[in-house]
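Remarks on the structure that follows.
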Amino acid sequence: MPNGRQPPWRHDPSTKASGHPGAVQIRCRIEKVFGTWKRSYGLRRMRWLGLAKAGLQVRLAAMAYNLRRTLTLLSGAAA
């Protein structure tokens with residue numbers, strides 16, 4: 001590019017968090033949760049139209065994820 005900057009499609013995401021050493025680990029944990037929601041709880045697409053109903057779908061998926069995670073953590077602690 002003429003101004004010396006790289007085009008956005010050649011951006012290296014690891015350079016963005018260089019000032020924050022823990023940011024990559026935090027982002028990894030967050031993205032894992034969103035990936036699970038999309039893969040296992042049907043959040044690739046919204047089932048209902050409207051912001052309120054879409055928010056409800058996200059909250060229900062979060063509750064289901066938290067319940068399953070709680071059961072997993074409790075069964076691991078009991079063993």
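Answer yes or no: is there a residue in segment 46-54 that is surrounded by 10 or more Cβ atoms within 10 Å (Cβ to Cβ) and in contact (Cβ under 8 Å) with a residue 24 or more places away in the chain. Taking every residue of segment 46-54 in turn, none turns out to be surrounded by 10 or more Cβ atoms within 10 Å (Cβ to Cβ) and in contact (Cβ under 8 Å) with a residue 24 or more places away in the chain. Considering segment 1-24, the residues that are assigned to a helix (DSSP H, G or I) and surrounded by fewer than 10 Cβ atoms within 10 Å (Cβ to Cβ) include one that is modelled with the highest pLDDT, namely Arg10.
Listed by first and then second residue, the pairs with beta-carbon distance under 6 Å, at least 6 apart or on different chains, first residue in segment 56-71 and under 18 Å from Lys32 (Cβ atoms), second in a helix (DSSP H, G or I) and at pLDDT below 95, are Ala61/Trp37.
The values are calculated or read from the model by the stated rules, or taken from the named source; none is laboratory data. None of these values were measured; they are calculated from a predicted model. Ideal geometry is used to build each Cβ from the backbone, glycine not excepted, and the neighbour counts take in all protein chains shown.
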